[in-house]
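The values are calculated or read from the model by the stated rules, or taken from the named source; none is laboratory data. Bear in mind that the values here come from a model prediction, so they are computed numbers and not experimental data. Counting neighbours? That spans all protein chains shown, and the Cβs are built from the backbone with ideal geometry, glycine included. To get the accessible areas, we keep the full protein, side chains included, count just its heavy atoms, and leave off ligands, DNA and RNA. Shrake-Rupley method; radii C 1.70, N 1.55, O 1.52, S 1.80 Å.
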Amino acid sequence: MATKRFLFRGLASLVLLFAVGCNRPNGAASDTPTETVAVSDTTPMPTLSPEPPPTATPTPEPTPIAPGVVIEDQPLDESGVLIAAQVALPGPGWLVIYRAVDGAAESVIGQVPLAAGIHENVEISVATDNVTVQLFAGVHMDVGAEGVFDFPGEDEPYPGEPEASFTVDLLLPQPRVEAADQAVAEDGVVSLALVEALRPTWVLIHTVEDGQIGPAIGGRLLTPGLHEDVALTIDWRRATPALYAVLHEDDGEMGVLDYPAGDMPLLQGGEPILAAFKATYPPEVLVYDQPIIDGTIMVERAISEGPGWVVIYNEADGQPGFIVGSAPLQDGLNEAIVVELRESAVTTQLFAWLHQDTTPGDAFNFPGQDPPVLYNNRMPRAAAFRTDLGAQAFVNDQRLGEDGTVTIATIVIPAPAWALVYSDNDGQTGELLGQTWVPAGVNRNVAVEIDPSTAAGPLHLVMVWDDGAAEELETPDIDPPLTGDNNRPLNIPFALLEALPAAGE
């Protein structure tokens, strides 16, 4: 029993020694007694420093969009679609395409609305019938009715933003006309080498006046297609040495020529489609019946092949008799030619003939030199006119001039008179709109100022003598109407045409 107690105590001692050894670092024995440290409940906690507030990062302002357009040279086909590489707009606006005139932006031929922002590859359609090889692109504001292009008006271009210039390679089917220089015979037939029409088209022959398109003197309507050796008849007695063959629309009553009220010239690049050519004509003099004023008469026009003479003959047994006057002619068209007459030999009827000038610079010398001009180896018929008939006047349908005038082409009167322009009242003269005094003789391009606010539709030209106080209108009591060759009062109706639309409309 004692032995068991001894063994138990020894085992317990071993366990206790093992436990104490395990509580020492690295299992090393320590002679230093272990102290127990008491932790007080009043021990202060460490003080924490407050975190600094976060620094505010400023929000960047958006960069304003500068208005502008980037557009490259490109082809243009019949679809009329162009592409702008980039369009920048600070607000709602428009991309606008202008045609060019003399290197500057002129009228608008296309526009498309865009929202604010930067847009890439913007498509825009333009009017191909008014396009030019050089074009301009610009950006406009949209400050009027939204989506309604009001320009000229509120939708002005962005200030200080220049238009971008670019060129287009025209890949459009185009109407065309070609003509060669030619001799026109007494039948007045003109031949055009080629005309290509895309739709029913008038081809008209126009005179040339100061390098510009003058009155039409003949023409015909062509169907769509290619036409060669096109023949048409002109009034060659009104023709000029240079002519234009011009293509015109048929946009009024189909098949009825409405020019100059309608059926205006077709445009390509903003310019009429035409062919210029020169023509020669049979010898011809245009002279009106007229009084002899201060020993002179006026020949309206004559065309001379080289230097020449217009020669006036008196009448003997109904035929040209003796020469009573002559005047020199320059090469080409001569107009308003004043001829001095030997009044002692003048007859009531006179004749005008063209003569050559075989020795330019010398005086007229016939029969020794300067013979009459022949045509097809024969003498052409002389132009006959009289000096004892009544008044004549010629006026064309026309648009009101920018200065508020209408123009009387020619007035021939034996004594001073007044040209009066009246409104129309059921085919008769209505209100007097304007008047101008006209001297005796042949007067060309007589302008009459009228009131634009009351001028419309048909008008009447009436001539009255200046029988009372000189250059003072006293109709109807004192200044009686002039009569024409039929002894009836001279009353000529003519039309005042509508004004042409402004460029770009």
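When the range 379-408 is examined, which residues are found to be at pLDDT below 90, over 26 Å from the mean Cα position of the chain (by Cα) and open to solvent by 40 Å² or more (accessible area, probe 1.4 Å)? Answer for the range 379-408, where residues must be at pLDDT below 90, over 26 Å from the mean Cα position of the chain (by Cα) and open to solvent by 40 Å² or more (accessible area, probe 1.4 Å): Met379, Arg381, Asp388, Leu389.
On the basis of being at negative phi and in contact with a His (Cβ under 6 Å, 6 or more places away or on another chain), does Ala216 make the cut? Let's see the steps before the verdict.
Numbers: at negative phi: yes; in contact with a His (Cβ under 6 Å, 6 or more places away or on another chain): yes.
For Ala216, the condition - at negative phi and in contact with a His (Cβ under 6 Å, 6 or more places away or on another chain) - is met.
For the range 311-352, filtered to residues that are farther than 23 Å from Pro439 by Cβ and of a type in the set (Ser, Thr, Tyr), the residue that is modelled with the lowest pLDDT is Ser344.
Within the range 407-426, being in contact (Cβ under 8 Å) with a residue 12 or more places away in the chain and more than 20 Å from Ala391 (Cβ to Cβ) holds for Ser423, Asp424.
Can you tell me how many residues within the range 205-224 are of a type outside the set (A, V, I, L, M, F, W, C) and part of a strand (DSSP E or B)?
Step one: list which residues in the range 205-224 are of a type outside the set (A, V, I, L, M, F, W, C), which gives 206-207, 209-212, 214-215, 218-220, 223-224.
Next cut, part of a strand (DSSP E or B) only: 206-207, 209, 212, 214-215, 218-220.
Total satisfying the criteria: 9.
Among residues of the range 226-247 that are touching a residue at least 40 places away in the same chain (Cβ under 8 Å) and more than 14 Å from Leu204 (Cα to Cα), those with a Cβ under 8 angstrom from a residue that is surrounded by fewer than 18 Cβ atoms within 10 Å (Cβ to Cβ) and basic (Lys, Arg), sequence gap 6+ or separate chain, pair up as Pro241/Lys278.
A residue that is within 21 Å of Leu170 (Cβ to Cβ) and either of a type in the set (S, T, N, Q) or in contact with a His (Cβ under 7 Å, 6 or more places away or on another chain) (or both) occurs somewhere in the range 110-126. The strands (runs of 3 or more DSSP E) located wholly in the range 238-310 that include 2 or more residues which are out of contact with any Gly (no Cβ under 9 Å at 6 or more places or on another chain), at pLDDT 90 or above and open to solvent by 40 Å² or more (accessible area, probe 1.4 Å) occupy 274-280. Exactly one residue out of Asp331, Asp317 is under 36 Å from the mean Cα position of the chain (by Cα) and open to solvent by 60 Å² or more (accessible area, probe 1.4 Å): that is Asp331. Scanning the range 441-479 for residues that are within 15 Å of Thr429 (Cα to Cα), surrounded by 12 or more Cβ atoms within 10 Å (Cβ to Cβ) and more than 32 Å from the chain's Cα centre (by Cα) yields a count of 4.
In the range 154-204, the residue that is least open to solvent (accessible area, probe 1.4 Å) out of those that are part of a strand (DSSP E or B) and among the acidic types (Asp, Glu) is Glu196. In the set (1) closer than 20 Å to Thr280 by Cα; (2) open to solvent by 60 Å² or more (accessible area, probe 1.4 Å), Pro360 fails one condition alone, (1). One residue stands out among those in the range 409-424 that are over 35 Å from the mean Cα position of the chain (by Cα) and within 14 Å of Asn491 (Cβ to Cβ): the one that is most open to solvent (accessible area, probe 1.4 Å), which is Trp418. Here is the figure for the range 103-153: residues that are in contact with an Asp or Glu (Cβ under 7 Å, 6 or more places away or on another chain) and either surrounded by fewer than 13 Cβ atoms within 10 Å (Cβ to Cβ) or of a type outside the set (Phe, Trp, Tyr) (or both) total 11. Tallying residues that are open to solvent by 30 Å² or more (accessible area, probe 1.4 Å) and under 11 Å from Ala245 (Cα atoms) within the range 205-219 yields 4.
For the range 441-500, how many residues meet the condition of being assigned to a strand (DSSP E or B) and of a type in the set (Val, Ile, Thr)?
Within the range 441-500, the first condition is being assigned to a strand (DSSP E or B), and the residues that meet it are 441-449, 457-465, 481, 483, 489, 491-497.
After this cut, where a residue has to be of a type in the set (Val, Ile, Thr) as well, the list is 442, 446, 448, 462, 464, 483, 492.
So the count comes out to 7.
Here His227 clears all of (1) part of a strand (DSSP E or B); (2) at pLDDT below 95 except the condition numbered (2).
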